[in-house]
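The values are calculated or read from the model by the stated rules, or taken from the named source; none is laboratory data. Being a predicted model, the structure only gives us computed values, none of them experimental. FYI the Cβ positions are ideal-geometry reconstructions off the backbone, even for glycines, and counts take in every protein chain you see. SASA here: full protein model, heavy atoms, side chains in, ligands and nucleic acids out. Shrake-Rupley method; radii C 1.70, N 1.55, O 1.52, S 1.80 Å.
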Amino acid sequence: NLTWNYNAKDMGIGALKLLKRLYIWHHNPKSRSLADIEIPESVEELQLNWINADSLQDLPPLTNLRRFEIHRSRNLTSIAEIPRIAPNLEYVAVDTCPRVADGEAVLRQMPKLEHGYVQGVLARDLK
């Protein structure tokens, strides 16, 4: 497990080939992009907390990712990239991200999802 209070000077996190759980806090670059975050392909659980990104488009595909949580990310407007990023996702929770408007549509696109929660909408309620 690694809990990372983001610092742009931190290097080498992408090289941690055995890392299974990554919790990122306070990623706030002026670009509002996630392009500078290195995430190892081995990660099975990812949390983004208090990030200022407006989209997830710069995250790489993470085929091992099974659990993805995003909390308190006020600038995030879309989670449409989640099916591309994590095609094998089983659990997703997006909470306190008031600008996310496509939660229901994204939950409907993820057939392997066992638990989905986006801004008060549960995936099981959409079936």
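Taking just the C-alpha trace of the stretch 1-58, give me its Rg and Dmax in Å.
10.8, 31
Provide the convex hull volume over Cα atoms per residue for the stretch 59-125, in Å³. Spell out each step's value before the answer.
Values: hull volume 4.7 nm³, N = 67.
Cα convex hull per residue, to the nearest whole number: 71 Å³.
Which ³J(HN,Hα) values in Hz, rounded to whole numbers, follow from the phi angles of the stretch 17-29 under the Karplus curve 6.51 cos²θ - 1.76 cosθ + 1.60, where θ = phi - 60° and Gly and Pro get x?
Using θ = phi - 60°, the values come out as 5, 9, 5, 9, 10, 10, 10, 9, 10, 6, 8, 9, x Hz.
Sort 89-96, 28-35, 114-121, 10-17 by the packing proxy (mean of other Cβ within 10 Å over each peptide's residues), most packed first.
Values: 89-96: 18.2, 28-35: 13.2, 114-121: 16.2, 10-17: 11.2.
My ranking of the peptides, most packed first, is 89-96, 114-121, 28-35, 10-17.
Quick one: 3J(HN,Hα) in Hz for the stretch 96-105, Karplus 6.51/-1.76/1.60 with θ = phi - 60°, rounded, Gly and Pro as x.
Once rounded to whole Hz, the list reads 6, 10, x, 8, 5, 10, 10, x, 4, 4.
Round to a whole number: what % of the accessible area of the stretch 1-75 belongs to carbon and sulfur, probe 1.4 Å? Walk me through the intermediate numbers first.
Working: 1990 of 4190 Å².
Carbon with sulfur: 48 percent of the solvent-accessible area.
Give me the tail of P(r) for the chain as a percent: Cα-Cα pairs with distance above 20 Å.
Result: 38 percent of Cα pairs exceed 20 Å.
Can you give me the C-alpha center-to-center distance between the stretch 74-121 and the stretch 42-59, rounded to a whole angstrom?
12 Å
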